[in-house]
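Worksheet: the structure to be examined is printed underneath.
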Amino acid sequence: MRTVILRLGHRIQRDQRITTHVALTARALGAEGMLLHSDDSGIEKSIIEVARRWGGTFYVRRITNWKNEIRKWKESGGKVLHLTMYGVNLPDVINEIVTDDLLVVVGAEKVPPELYTLADWNVAAGNQPHSEVAALAIVLDRLAAASGTEPLKSQFSGGEVEIVPKSRGKEVREK
Ligand code: SAM
C-alpha cells in the first residue's frame, strides 16, 4: 500500500517539533511522504537533512489548498483516512480499510468540520485523546500487519550512514 500523510493545522511556533516527529514516524514506518498545509519551510529542511544522512526518498511538500489535494487524491482512485479520537475505533474498522493508495490526515489544532465528510474513514486509535504521533504509528503498524507486511523493515537506500543493530552499545557505519 502506498501511504502519504496530510498534516493539517500546523502552527509554526507551537507544532514544529511534533510535526517533525509526525514526518519522521511516517518515514520510519514506510510512508512515501508528507503534505504539509503550512508555509513553514523548516520541517521540509530538517527532513531533507535526515534523508540525506539516513537515506530513502521520503519527502515533505508544502501545500496551500488541502481540499484540492484531497479531491485530486480521490479522483486518482485513492482513499482518505482521517485520524481522530472521535472516529470509529481502529480494531472495529481495520478490515474495511482496503486500498492501494491511502492518504492519512493528521490534525494539529482543531481540523475543519468538512474533513469528517470528505474522509472515507474517520478512525480513532482508541477513543481517548492522545498524541498524533502515537496515533499515526499505531495505524500504520496495524494496517501493515493486516496486509502482511513489516513496516519496521522498511529499506532506506542511499544516505551516508546506517546503524549496525547491536544488543549492546552503538555502532553507526559510514556507507
Ligand atoms: N484539539 C484538537 C481538536 O480538538 O481536534 C486535537 C488535538 S490532537 C493532539 C491532534 C491530532 O491528534 C488530532 O487531530 C488527531 O489527528 C490525533 N489524535 C489524537 N488522539 C487521537 C486518537 N485517539 N485517535 C486518532 N487520532 C488521534
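The values are calculated or read from the model by the stated rules, or taken from the named source; none is laboratory data. Note that the structure is predicted; figures quoted are calculated from it, not measured. Note: ideal-geometry Cβ built from the backbone for every residue, glycine included; neighbour counts use all protein chains shown. Surface accessibility is based on the protein's heavy atoms, side chains included, excluding ligands, DNA and RNA. Shrake-Rupley method; radii C 1.70, N 1.55, O 1.52, S 1.80 Å.
Taking other residues whose beta carbon is less than 12 angstrom from the beta carbon of Phe156, and scoring Lys, Arg as +1 and Asp, Glu as -1, yields +3.
Surface exposure of region 2-174, expressed per residue as accessible area with a 1.4 Å probe, stands at 56 Å².
When only Cα pairs under 8 Å and 6 or more residues apart are kept, what is the percent relative contact order across the chain? Reported as a whole number, the value is 28 percent. When Lys and Arg each count +1 and Asp and Glu each count -1, what net charge do the other residues less than 15 Å away from Pro91, Cβ to Cβ, add up to? Summing Lys and Arg as +1 and Asp and Glu as -1 gives -2.
How far is helix 42-54 tilted, in degrees, relative to the longest principal axis of the Cα atoms in the chain, given as a value from 0 to 90 rounded to the nearest 10? Taking Cα atoms only, the helix is inclined about 40 degrees. Seen against the Cα atoms of the chain and their longest principal axis, helix 132-146 is set at about 90 degrees. Cross-link partners of Lys79 among lysines, defined as those whose alpha carbon lies under 21 angstrom from its own and excluding same-chain residues fewer than eight positions apart: Lys67.
Calculated mean residue ellipticity, 222 nm, the chain: -10000 deg cm²/dmol, from DSSP H runs (n ≥ 4) at -39500 (n - 2.57) each, averaged per residue and rounded to 500.
For region 2-174, a crude dipole built from +1 on the beta carbon of Lys and Arg and -1 on the beta carbon of Asp and Glu, taken about the Cα centre, is about 380 debye to the nearest 20. If you fit an axis through the alpha-carbon atoms of helix 16-28 and take the longest principal axis of the Cα set of the chain, what angle between them do you get, 0 to 90°, nearest 10? So the inclination is approximately 80 degrees. Our note on the geometry: Cα centres of region 1-51 and region 105-125, 17 Å apart.
Mean projection of the alpha-carbon convex hull of region 2-174 over all orientations, in nm²?
Computed as one quarter of the Cα hull surface, the answer is 10.8 nm².
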